[in-house]
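A.B. asks: My structure is below; once you've seen it, I'll send some questions.
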Amino acid sequence: MNAWEKLYLPAVLKGMFITLSHLFKKKATIQYPEQKRSFPKVFRGLQVLNRDEEGRERCTACGLCAVACPAEAITMEAAERQPGEEHLYREEKYAAKYEINMLRCIFCGFCEEACPKDAIYLSETVTPANYSRAGFIYKKEDLLIPDPTKDPEGYQKALGHRAKKINN
Amino acid sequence: MYLLMIDWWFILEKFLLVGFVVTFSLLIAMYTTYAERKIAAFLQDRRGPNRAGPFGILQPLADGGKLFFKEEIIPLASSKFLFVLGPSLAMLTAMLTSAVIPWSTPLQIGGRDVPLQIADLNIGILYVFGVVSLGVYGIMIGGWASNNKFSLLAAVRGASQMISYELSMGLALIALLMLTGSLQMSVIVQNQIVHGWHVIYQPLGFLIFFICALAECNRTPFDLPEAENELNFGYHQEYSSMKLGLYLFAEYVNMFISGTVMATLFFGGYDIPFVNEASWGLSPNLLAFIGFVVLLAKAFFFLFVFIWIRWTIPRFRYDQLMNLGWKKLIPLALVNMVATAIVMLLRNR
Amino acid sequence: MNITQILFWFLSALTVFSALMVVVSKNPVYSVLWLIFTFFCISGHYIMLNAQFLFIVNIIVYAGAIMVLFLFVIMLMNLNQSSEPKKHRWLRMAGVVAGGCLLLVLVAALKNIDIKKQVAETNTGDIGLIGNLGKVLFNQYVVPFEISSILFLSAMVGTVVIGKKE
Amino acid sequence: MPINYYIFLSIALFVIGIVGVLTRRNAIIIFMCIELMLNAVNLMLVAFSKMHHLAKGATDATAGIDGQLFVFFIMVVAAAEVSVGLAIIVMMYRNIHSVDVNFLNRLKH
């Protein structure tokens, strides 16, 4: 270094003007609750249990998703469909209990790929916060998508554009 | 200057002035914390606090409220009195300096000239110096009373830093004093109104003074006493609640006051450059107000530069800090002093 | 009693009390702090005598530099009261008695001197102002002033030599 | 103020300093007591200088100013003394791990 460089003053001034120039640049912040970053097409968010067009649950409790799950986050119990419940369940067998432990889930999407009935898929919701660990074990009620016959808007919203690709 | 004569109007007006200056500098310090965060954010392409009130204007109030309602912790093995004394001293010494700053030209109220300066001591600069040298105690007492080895180390570190930089600060000022021939702040400002700002004559002196002011206020790149991330948070490690708030606040008050001191000593105080505001024919009160605003504008500029430097230049290592203080700034200040003396001698011949 | 006298007595009482606390305090750090307070009181006396320059120099030099050094050394050595063993009780008594005797003798000797009627002027008089002091200092006393700078230099060198590790 | 008040005040401070030197064993405290004694003398000198000024100020404007200059020089000497003295105390602490003056009676260890 020569004497001029050893003074450090020019370097300091240069640095100062670099930071000053940032004063006038566009801000990178996205103000989250009001503005949201758009997700890529392949984004994998929270799982959702799907229904068909008549509002019947698609899941038959075959257990393939639980087998495919590398994190062993999925538990389910099967039950047989009783007469008179045809408007609730699409197949003869259904999941009486279906839980996903969101603390274990790694959002890999294997469950979605394993499912032969298109019953489970990953939506665009990001996992929300919760006060207790128990709250992160999502029950079937938490996972089920709104009924399209009763709440078509909520159904479309929960579906997102990702699921449309699957349904068609 | 006879200090003990009693004139009740005089006392009343001084009380009002003191109250005004204190509340005003506290207010400014409050909003400097906001400015610090906002400018830091802007320099880093962020937005900064913008939730409390429009543009986050109420953020300092929210911060203050948070500090007030936090739990007060006094370490069991600390000396309680000194533990409380530390932050109070820091705040006190930060405020005391403002007593000799001439804020503007005198007001005229009811036929009386009311000078906008709390005390026009003829040892004005030395007074500033005395108070600055007392600023060490807030840090040292707080650090020692916490009974924590990290805060003690930080306190010792801070004290030696402040003492070292006081020296070059004083030497840089001596050259300035040779120009004015007086230590009185009002005379120094008057001299600049007549002859032009001192920064023209003393650019090197100003640079040294500025660097030392950074070090005295414990601002980056000299914020070793409180180096929070690599050196364990510094002398106020054990402090919580409003006592921590006082320490943090004292830093901002210090910044504001040192900004005004620099404006007064080197940038003409309340003087507007290139114009003769007395010839505008305005009323003296309006002129005083304009002068006050001008001084504030200069002080705010320095505040901005302080913050700007903080978010640009990384922290010094301790040996680098001492090297800069003792081996660079002091010889430079001495050279500056001698050069000024020689030039003055030659010009007088 | 006018305000000057009230201030004088108040300051004097504070000075003596804090000076006593310097000696009495167990903890060296408290001693240092009380000594600083004593210096402030003495500075207050200087203001009363209108010796403004000495007032500020007292604060800068004593309170701002010397006492910081003391505090520094004490904090670095981490001395607290347990590390200082007390002198024997009778030795301490002897010290106090000897000091008391000196006080008695001095007071008795100076009680009836003829300058007793003289008055030190408070609040007025310009000789304490910095300009006047400076003129005399750099005319009549310029040689002692320069010599004191040599003293400082030698003290600095001495300190560095003593403080250096072999 | 009458000069004898100042005289008695500084005598009191001086004696307190002496008592401190005699009764304490901590070298730093002893040192501080010496500073206290120096300050007692300073106060006395300033008071005397003002007394002289009052007595002779009408004929000689700088009467009594030497007293204040002496105080200035005493402060200079005190500053030099403290720096050297504290260096000695630090060295002493480094060698015998104590600042107790009673340990200094043995000249070697």
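The values are calculated or read from the model by the stated rules, or taken from the named source; none is laboratory data. Bear in mind that the values here come from a model prediction, so they are computed numbers and not experimental data. Note that we place each Cβ from the backbone using ideal geometry, even for glycine, and neighbour counts take in every protein chain shown. Accessible surface is based on the protein model in full, side chains and every heavy atom, while ligands, DNA and RNA are left aside. Shrake-Rupley method; radii C 1.70, N 1.55, O 1.52, S 1.80 Å.
A.B. asks: Let me check I've understood the local charge: for D:M91, count other residues with C-beta under 10 angstrom from its C-beta, Lys and Arg +1, Asp and Glu -1. What total comes out? Intermediate values should be presented prior to the final figure.
C.D. replies: Numbers: positive: C:K164, C:K165, D:R94; negative: none.
Computed value for this residue: +3.
A.B. asks: How high is the relative contact order of the range B:198-303? Use alpha-carbon pairs under 8 Å, at least six apart in sequence, and give a whole percent.
C.D. replies: Rounded, it is 25 percent for the range B:198-303.
A.B. asks: With all protein chains present, calculate the accessible area of B:I313 using a 1.4 Å probe and round the result to the nearest 10 Å².
C.D. replies: Its heavy atoms expose roughly 40 Å² to the probe.
A.B. asks: Determine, from the Cβ-Cβ distance of C:V24 and A:K36 and an R0 of 45 Å, the FRET efficiency 1/(1 + (r/R0)^6), rounded to the nearest 0.05. Numbers along the way, then the final one.
C.D. replies: Details: r = 69 Å, r/R0 = 1.54.
Given R0 = 45 Å and the Cβ-Cβ separation, E is 0.05.
A.B. asks: Just grab the label-to-label distance for A:E86 and D:T59, each label 7 Å out from Cα along the Cβ direction, in nm (one decimal).
C.D. replies: Spacing of the two 7 Å Cα→Cβ label points: 13.5 nm.
A.B. asks: Separate question: Report, in deg cm²/dmol and to the nearest 500, the calculated mean residue ellipticity at 222 nm for chain A, where each DSSP H run with n ≥ 4 adds -39500 (n - 2.57) and the sum is divided by the residue count.
C.D. replies: Numbers: 6 runs with 48 residues, N = 168.
Rounded to the nearest 500, the figure is -7500 deg cm²/dmol.
A.B. asks: Take the residue pairs A:K36/A:K139; B:K80/B:K298; A:K36/B:K70; B:K328/C:K164; A:K14/A:K36; A:K117/A:K139 and return only those whose Cα atoms are more than 30 Å apart.
C.D. replies: On the way: A:K36/A:K139 27 Å; B:K80/B:K298 41 Å; A:K36/B:K70 34 Å; B:K328/C:K164 22 Å; A:K14/A:K36 36 Å; A:K117/A:K139 20 Å.
From the list (A:K36/A:K139; B:K80/B:K298; A:K36/B:K70; B:K328/C:K164; A:K14/A:K36; A:K117/A:K139), the Cα-Cα distance tops 30 Å for B:K80/B:K298; A:K36/B:K70; A:K14/A:K36.
A.B. asks: Over chain B, with a Gaussian network built from C-alpha contacts below 10 Å, which listed residue (B:G143, B:G291, B:G181) shows the highest mean-square fluctuation?
C.D. replies: Greatest mean-square fluctuation among the candidates belongs to B:G181.
A.B. asks: Once B and C are treated as a pair rather than alone, how much accessible area drops out, both sides summed, in Å² to 100, probe 1.4 Å? Each step should come with its number before you reach the end.
C.D. replies: Numbers: alone 17510 and 13340 Å², together 28270 Å².
So the buried area, both faces added, is about 2600 Å².
A.B. asks: Can you work out the Karplus-derived ³J(HN,Hα) for every residue in the range B:122-130? Use 6.51 cos²θ - 1.76 cosθ + 1.60 with θ = phi - 60°, whole Hz, and x for glycine or proline.
C.D. replies: 8, 10, x, 5, 4, 4, 4, 4, x
A.B. asks: Count, for each residue of B:307-319, the Cβ atoms from other chains sitting within 10 Å of its Cβ, then give me the mean as a whole number. Walk me through the numbers before you get to the answer.
C.D. replies: Numbers: counts 0, 4, 4, 0, 3, 10, 6, 1, 0, 0, 0, 0, 0.
The mean count of partner-chain Cβ atoms within 10 Å per residue comes to 2.
A.B. asks: If you don't mind, there's one more thing I want to ask. Leaving ligands, DNA and RNA out of it, rank B:F256, B:F206 by accessible area with a 1.4 Å probe, largest first.
C.D. replies: Largest accessible area first, the list is B:F206, B:F256.
A.B. asks: Given a Förster radius of 35 Å and the C-beta distance between B:L61 and A:D142 as r, what FRET efficiency does 1/(1 + (r/R0)^6) yield to the nearest 0.05?
C.D. replies: Details: r = 40 Å, r/R0 = 1.14.
So the FRET efficiency works out to roughly 0.30.
A.B. asks: I've got another one for you. Using 7 Å Cα-to-Cβ label points, what is the C:A108/B:L76 separation (nm, one decimal)?
C.D. replies: With each label placed 7 Å out from Cα toward Cβ, I get 5.5 nm.
A.B. asks: OK, next. Over both sides of the A-B contact, add up the buried accessible area with a 1.4 Å probe and give it to the nearest 100 Å². Can you show the working numbers first?
C.D. replies: Numbers: alone 11670 and 17510 Å², together 27760 Å².
Counting protein atoms only, the buried area is about 1400 Å².
A.B. asks: Still on this structure: Can you sort B:D271, A:D118 by solvent-accessible area, 1.4 Å probe, largest first? Before the final figure, lay out each step's value.
C.D. replies: Numbers: B:D271 10, A:D118 55 Å².
Descending accessible area places them as A:D118, B:D271.
A.B. asks: How much of the accessible area of chain C, probe 1.4 Å, is carbon plus sulfur, in whole percent? Please list the in-between numbers first.
C.D. replies: On the way: 6170 of 8560 Å².
It is 72 percent, rounded to a whole number.
A.B. asks: Ballpark to the nearest 100 Å², how much total accessible area do C and D bury together, probe 1.4 Å? Kindly include the intermediate steps, with their values, before the conclusion.
C.D. replies: Details: alone 13340 and 7780 Å², together 14060 Å².
What C and D bury together is about 7100 Å².
A.B. asks: With springs only between Cα atoms under 10 Å apart, run a GNM on chain B and tell me which of B:W197, B:W311, B:W280 wobbles the most.
C.D. replies: B:W280
A.B. asks: While we're looking at this one, here's another question. Averaged per residue, what accessible area in Å² does the range B:64-348 show with a 1.4 Å probe, protein chains only? The partial results should precede the final answer.
C.D. replies: Numbers: 11520 Å² over 285 residues.
Per-residue accessible area for the range B:64-348 comes out at 40 Å².
A.B. asks: Using protein chains only and a probe of 1.4 angstrom, how many square angstrom of B:T105 are accessible, to the nearest 10?
C.D. replies: 50 Å²
A.B. asks: Does the protein assembly as shown come out rounded, prolate or oblate by the C-alpha gyration tensor, with a ≥ b ≥ c the root eigenvalues, rounded set by a/c under 1.5 and, if not, prolate when a/b is larger than b/c and oblate if not? Walk me through the intermediate numbers first.
C.D. replies: Working: a/c = 2.75, a/b = 1.99, b/c = 1.38.
Prolate is the answer for the protein assembly as shown, as a/c is 1.5 or above and a/b outweighs b/c.
A.B. asks: Applying 1/(1 + (r/R0)^6) with R0 = 30 Å to the Cβ-Cβ distance of B:V343 and B:A278, what FRET efficiency is obtained, to the nearest 0.05? Could you put the intermediate results ahead of the total?
C.D. replies: On the way: r = 30 Å, r/R0 = 1.01.
It comes to 0.50.
A.B. asks: Once you have a ≥ b ≥ c as the square roots of the Cα gyration tensor eigenvalues for chain C, tell me rounded if a/c is under 1.5, and otherwise prolate or oblate according to whether a/b is larger than b/c. Intermediate values should be presented prior to the final figure.
C.D. replies: On the way: a/c = 1.81, a/b = 1.11, b/c = 1.62.
Note, shape of chain C comes out oblate.
A.B. asks: Could you work out, residue by residue across C:28-39, how many beta carbons of other chains sit within 10 Å of that residue's beta carbon, and then give the average as an integer? Don't skip to the end; give the middle numbers.
C.D. replies: Values: counts 6, 6, 3, 7, 5, 7, 2, 7, 2, 0, 7, 4.
Taking the mean over all residues of the peptide, I get 5.
A.B. asks: Of the candidates B:A77, B:A213, B:A155, which one comes out as most mobile in a Gaussian network treatment of chain B with C-alpha springs shorter than 10 Å?
C.D. replies: B:A77
A.B. asks: Any cysteines in chain A with zero other Cys Cβ atoms under 4.7 Å from their Cβ? List them, or say none.
C.D. replies: Those would be A:C59, A:C62, A:C69, A:C105, A:C108, A:C115, since no other cysteine Cβ in chain A comes under 4.7 Å of theirs.
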